[in-house]
Amino acid sequence: MEDAAATFDAHRSDLLRVAYRMLGSMADAEDVVQEAFIRWAGTDREAVQVPAAFLRRVVTRLCLDHLKSAHVRREAYSGPWLPEPVVETEPVEDVTLPLMLALERLSPLERAAFLLHDVFGESFEEIAASIGRDAAACRQLASRARANVRAERPRYAIDQAHGMEIAAAFFQASRGDGIAHLGALLAQDVRFHADGGGKRPAVARILTGASEVVRAHVAIARLGSGPSELMRYAFVNGLPGFVTREPDGVLQTTALLIEDGLIRAIYVMRNPDKLRHLEGLTH
């Protein structure tokens with residue numbers, strides 16, 4: 001068992017990346033990876049020639065099973081849905097937050113084929129062994145997925161320092177007396193997503209347009225019960241943003257999609273169930 005654990009731990013972080021990008025939930029990804037370890041421990045490991053490929057196949061199949069039930073739960077979700085935030089000091093650009101939302105529109109098999117090939121670099125023959133389709137079918141699945149998510153690929157990488165400057169300006173302008181300057185930071189077609197999951201107050205639909213987003217922030221500021229505490233600026237799912245502790249004591253993340261120097265989309269996570277894993281990581 002010590003050998004099994006040592007081999008598995010060497011691949012755990014990569015398996016977690018696969019599972020998180022498949023599921024959009026860090027908690028679910030950790031559950032899947034733990035189940036994969038249980039299966040690995042019960043496998044005839046001497047017969048496994050490439051443990052990394054074997055374990056990725058196990059995780060992929062577990063994710064596909066999970067997505068079948070997750071689809072039913074997602075249909076009953078209260079308000080806009082966002083993936084659990086991953087907060088990092090450096091941006092991870094392989095699957096940004098807009099792309100993860102685009103993946104939600106794909107079938108589970110399309111999502112698996114796209115991620116395994118375009119993000120993790122597996123061959124279609126390897127993918128075929130993971131999802132139970134032949135290589136030609138996997139190629140078609142990935143091609144359809146690629147066409148559907150192409151628009152969500154970043155057109156160019158934003159300079160990290162400039163992105164954080166805009167995030168800081170947005171934090172100041174969206175709170176208190178600075179709100180009069182908020183509109184200057186926004187693209188005219190900006191979209192505002194807020195995920196409260198029915199657990200905390202949040203905008204019940206996606207807002208579109210700079211004027212509507214500004215009005216919403218003015219209303220939020222008037223109703224606020226106190227100032228937000230800035231915990232840190234960071235990259236949230238690959239996008240510039242920040243983590244705050246709100247007046248009710250619960251964490252909140254804000255991620256900003258920035259193009260041509262303006263904020264094109266705002267993603268706010270308020271669902272406490274999706275923020276627990278960030279406690280202790282905010283400083």
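Brief remarks on what is shown
- Anisotropy class assigned to the range 149-267 is rounded, per the alpha carbon gyration tensor with a/c under the 1.5 cut-off.
- DSSP beta bridge pairing in the chain, given as percent antiparallel to the nearest 5: 80 percent
- With the highest mean first, a sort of the peptides 125-134, 228-237 on other beta-carbon atoms found within 10 angstrom per residue produces 228-237, 125-134.
- The simple spin-label model puts a point 7 Å past each Cα toward its Cβ; for Asp9 and Arg232 those points are separated by 2.4 nm.
- Accessible area expressed per residue, the range 1-149, with surrounding protein chains retained (probe 1.4 Å, Å²): 48 Å²
- Magnitude of the charge dipole, the range 232-273, Cβ model with Lys/Arg +1 and Asp/Glu -1, debye to 20: 100 debye
- Percent accessible area from carbon and sulfur atoms, the chain, protein chains only, probe 1.4 Å: 52 percent
- Here Phe54 sits with roughly 50 square angstrom of accessible surface, probe radius 1.4 Å.
- Charges were assigned to the Cβ only: +1 to each Lys and Arg, -1 to each Asp and Glu. The resulting dipole of the chain about its Cα centre is roughly 980 debye.
- Among Ala27, Ala137, Leu16 - extreme Cα towards positive end, dipole of the chain, charges at beta-carbon: Ala137
The values are calculated or read from the model by the stated rules, or taken from the named source; none is laboratory data. Every value quoted in this text rests on a predicted model; they were computed, and no experiment measured them. Neighbour counts run over all protein chains shown; Cβ positions are idealised from the backbone, glycine included. Just the protein is used for accessible areas: all its heavy atoms, side chains included, with ligands, DNA and RNA removed. Shrake-Rupley method; radii C 1.70, N 1.55, O 1.52, S 1.80 Å.
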